[in-house]
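A.B. asks: Take a look at the following structure, please.
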Amino acid sequence: QVDVVESGGGLVQPGGSLRLSCVVSGSALSLYVVGWFRQAPGKQRELVARVMRSGDDRRYADSVKGRFTISRDNAANTVYLQMNSLRPEDTAVYCCNAHRITGLGAEFDYWGQGTQVTVSS
């Protein structure tokens, strides 16, 4: 069984920083593409950042480019999202997704429960 657990959310003032962590257990993290998603009340879930298996290829939503950095430590089975210069519009529940496609074409998706990020003065 694969479990995904996020941590690191909280309340922060505008301009502040937070670092989210996503721990994947039950399987080797190196098998998965990992993405951070967020969903604010009344809005659709959006992809914030994604890191490919090797860690070299990273993609970001336009709204967070230059402020957020995604990284991974496969040995520690952990993916991080460093969030700087936070804005009130970054307020949302942030969820981690681990996605894998096997050599036979089977797809697997695992989600965490999410961690709340609130940016407010």
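The values are calculated or read from the model by the stated rules, or taken from the named source; none is laboratory data. Keep in mind that this is a model prediction, so the values were computed, not measured. Here Cβ is always computed from backbone atoms with ideal geometry, including for glycine, and neighbour counts include all displayed protein chains. The area values use the complete protein model at the heavy-atom level, side chains included, leaving out ligands, DNA and RNA. Shrake-Rupley method; radii C 1.70, N 1.55, O 1.52, S 1.80 Å.
A.B. asks: Scan the range 52-82 residue by residue and report those that are farther than 18 Å from VAL5 by Cα and surrounded by 15 or more Cβ atoms within 10 Å (Cβ to Cβ).
C.D. replies: The answer is ARG53, GLY55, TYR60, ALA61, VAL64, ARG67, PHE68, THR69.
A.B. asks: Same structure again: Tally the residues that are open to solvent by 30 Å² or more (accessible area, probe 1.4 Å), more than 19 Å from LEU86 (Cα to Cα) and either polar (S, T, N, Q) or assigned to a loop (DSSP other than H, G, I, E, B) (or both), restricting the search to the range 1-15.
C.D. replies: Residues in the range 1-15 being open to solvent by 30 Å² or more (accessible area, probe 1.4 Å), more than 19 Å from LEU86 (Cα to Cα) and either polar (S, T, N, Q) or assigned to a loop (DSSP other than H, G, I, E, B) (or both): 1 in total.
A.B. asks: Then there's this: Among the residues of the range 16-40, how many are assigned to a loop (DSSP other than H, G, I, E, B) and surrounded by fewer than 16 Cβ atoms within 10 Å (Cβ to Cβ)?
C.D. replies: 5
A.B. asks: Working only within the range 102-121, note down all residues that are open to solvent by less than 50 Å² (accessible area, probe 1.4 Å) and within 16 Å of the chain's Cα centre (by Cα).
C.D. replies: GLY112, GLY114, THR115, VAL117, THR118
A.B. asks: Cβ-Cβ distance below 7 Å, separation of 6 or more or different chains: which pairs start in the range 99-120 with a residue that is among the β-branched types (Val, Ile, Thr) and end on one that is open to solvent by 80 Å² or more (accessible area, probe 1.4 Å)?
C.D. replies: ILE101/GLU107; THR118/LEU11; VAL119/ARG87
A.B. asks: Which of the numbered conditions does ALA49 fail, given that it passes all the others? Conditions: (1) in contact with a Gly (Cβ under 8 Å, 6 or more places away or on another chain); (2) over 16 Å from SER7 (Cα atoms); (3) open to solvent by 50 Å² or more (accessible area, probe 1.4 Å); (4) not aromatic (Phe, Trp, Tyr).
C.D. replies: ALA49 satisfies all of (1) in contact with a Gly (Cβ under 8 Å, 6 or more places away or on another chain); (2) over 16 Å from SER7 (Cα atoms); (3) open to solvent by 50 Å² or more (accessible area, probe 1.4 Å); (4) not aromatic (Phe, Trp, Tyr) except (3).
A.B. asks: Output the number of the condition that HIS99 fails; it satisfies all remaining conditions of (1) within 15 Å of the chain's Cα centre (by Cα); (2) modelled with pLDDT of 95 or more; (3) of a type outside the set (A, V, I, L, M); (4) open to solvent by 70 Å² or more (accessible area, probe 1.4 Å).
C.D. replies: (4)
A.B. asks: A follow-up question, please. Among the residues of the range 97-108, is any farther than 25 Å from VAL2 by Cβ and either among the basic types (Lys, Arg) or in contact with a strand residue (DSSP E or B) (Cβ under 8 Å, 6 or more places away or on another chain) (or both)?
C.D. replies: No, there is no match, as no residue in the range 97-108 is farther than 25 Å from VAL2 by Cβ and either among the basic types (Lys, Arg) or in contact with a strand residue (DSSP E or B) (Cβ under 8 Å, 6 or more places away or on another chain) (or both).
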